[in-house]
Amino acid sequence: MTQKPENLITVVDAGSQKSCVLVAELVDGVLRYRGHGIEPSRGMRKGLIAELGPAAEAINRAALTAERVARATIETAVVGIGGTHVRGVNSRGGISMGSRMREITREEVKAAVDRARSVALPPDREVLHLLPQEFILDDQAGIHDPVGMVGNKLEVNLHISTCSGGVAQSVITCANRAGLEVQDTVYEGIASAEAVLSADERELGVCIADVGASTTELAVFFEGSVAHTAVLPIGGDHFTNDLAVGLHVTVEEAEQLKQIYGHCVVTAIPQLNEIEIGGDLSVGNLGGGNQARIIRQRFLAEILEPRARELFTLMRDNLRQGGVLEALGAGCVLTGGGAKMAGLLDNAESLLRVPARVGHPVPLSRMPAELAGPEFSAAIGMLLYTHRTQIRRASEEQGLRAKLKAIFAGSF
């Protein structure tokens, strides 16, 4: 196995159903796929780590597979954070630079952001992201980057994404036990947006909903910036469990039925359609000793549609409470594994009253087709987010070095 190249980026998406480790390399400024590993998740409950040992083992197995495919040693990684403990809040703050006009530098920008972030948070909360929405320079709003401009009062509207410190530390500890040093953490809703949203959608106003197994992560963009983040306690597993209870079948059978025959709109299914349940749906024969039954296909939709309506009613209320429901000029984008459920888009459009589409991640160079599904949006988005963050930090460091060089040159 080759040594670890400096230009490798590795991300870990540990969800309720699967643990995915994805590796890419930077070649001439472009991300290129190198390898990935996927393992069924263990030790997870409702999107959170319930047992460190099994969860770490699943990540470790996925990482070993990714190493073998990439033919490189993986030592560090960026991990995704999701779950109902993630919350977002908007804040405003700024600095005054005296009566004389001054040129705005990165130091002033950082000071304004620090002032805006100084909101009272409970002791168990940690900041995941500081996301400037706009800067206001001498009452001139709508500025995205004030560096180089001149003024004497700089303010910033800031979105602060926070998470439970204990839950975040559990994810980091889990990755460490799997042999990975955690470089950074990323909110999965922001990561998914990186992979599926266009610049026009971000500008016009859009809500991305990553429908995972246990939760649905939301992020709303308006005028190019994050306006709202939240997590809803409903995911694809809730639909599956509803079927399992309503049809008196196992969770595995319910998942198969959902994927093959499920629909979230009752009237979309012909009244006379019937299906056979109680056997192995994938091969068409019966097994397990269960009596085969014939039921109306509409019965599945009658179970699934109320749950879909509950999800989007919760989403609508959350967006209204966050003051962004009327800002969705580009509509709603559903991604994540749960977004593939038939009829889910119809419910989104009906209850949110905006156009909706399923978001697939942008493909990486040399990426296998199996990673093109919406269930991999968060993992691919983490790669893109990390790449963009590295570019920004490198640019800032380069500017600082140039400034220090000029200072020292002027001293002699």
Check: On a 0 to 90 degree scale, rounded to 10, what angle separates helix 236-247 from the longest Cα axis of the chain?
Finding: 20
Notebook entry, point to check: According to the square roots a ≥ b ≥ c of the eigenvalues of the Cα gyration tensor, what is the shape class of segment 87-163, taking rounded for a/c under 1.5, prolate for a/b larger than b/c otherwise, and oblate for the remainder?
Noted result: prolate
Notebook entry, point to check: Do any GluC sites (Glu not before Pro) in segment 66-114 lie in a DSSP loop with no more than 16 other beta carbon atoms within 10 Å, and if so, which?
Noted result: Glu75
Next item on the list: Quick one: which residues, 5 or more positions from Glu134 or on another chain, have an amide H under 5 Å from its amide H? H modelled 1.01 Å from N in the peptide plane, none for Pro or chain starts.
Entry: Asn157
Item checked: Long-range amide H partners of His263 with built H, under 5 Å -> Ala301
Checklist line | Tally of Lys pairs whose C-alpha atoms are under 25 Å apart, taken over the chain, 8 or more apart or cross-chain | finding: 10
Next item on the list: Kindly provide the trypsin sites (Lys or Arg not before Pro) of segment 100-136 that DSSP labels as loop, not H, G, I, E or B, and whose Cβ sees at most 14 other Cβ atoms within 10 Å.
Entry: Arg100
Item checked: Filtered trypsin sites (Lys or Arg not before Pro), segment 294-400: DSSP coil and at most 15 other beta carbons within 10 Å -> Arg353, Arg366
Checklist line | HN-Hα J in Hz across segment 37-43 - Karplus 6.51, -1.76, 1.60, θ = phi - 60°, x for Gly and Pro | finding: x, 10, 9, x, 5, 9, x
Margin query: If I build a Gaussian network model for the chain, linking alpha-carbon pairs within less than 10 angstrom, which residue out of Thr65, Thr386, Thr105 has the largest mean-square fluctuation?
Written below: Thr105
Notebook entry, point to check: Nearest 10 degrees, 0 to 90: what angle lies between the long axis of helix 165-177 and the longest principal axis of the chain (Cα atoms)?
Noted result: 80
Checklist line | Under the Karplus curve 6.51 cos²θ - 1.76 cosθ + 1.60, θ = phi - 60°, whole-Hz ³J(HN,Hα) for segment 248-262, x wherever Gly or Pro sits | finding: 6, 10, 6, 4, 5, 5, 5, 5, 4, 4, 4, 6, 8, 10, x
Next item on the list: Please work out how much length the chain gains when fully extended from Glu223 to Val119, using 0.36 nm per residue of separation minus the C-alpha to C-alpha distance, in nm with one decimal.
Entry: 35.0 nm
Next item on the list: When a/c is below 1.5 the answer is rounded, else prolate if a/b is larger than b/c, else oblate, so apply that to segment 60-190 with a ≥ b ≥ c taken from the square roots of the Cα gyration tensor eigenvalues.
Entry: prolate
Next item on the list: Considering only DSSP beta bridges where both residues belong to the chain, give the percentage that are antiparallel (nearest 5).
Entry: 80
Checklist line | D_trans [Stokes-Einstein, Kirkwood Rh over alpha-carbon pairs] for the chain, 25 °C, 0.890 mPa s, µm² s⁻¹ | finding: 106
Item checked: Gain on full stretching of the segment that runs from Gln390 to Thr105 - 0.36 nm per residue minus C-alpha separation -> 100.6 nm
Margin query: I'd like the Karplus ³J(HN,Hα) series for segment 373-390: coefficients 6.51, -1.76, 1.60, θ = phi - 60°, whole numbers in Hz, and an x wherever there's a Gly or Pro.
Written below: x, x, 5, 9, 4, 5, 5, 5, x, 4, 4, 5, 5, 5, 4, 5, 5, 5
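Bear in mind these aren't lab numbers, they're just calculated from the coordinates by the rules spelled out. Just so we're clear, the structure is a prediction, and the values are computed from it rather than from any experiment. Glycine gets a Cβ as well: all are built from the backbone with ideal geometry, and neighbour counts include every protein chain shown.
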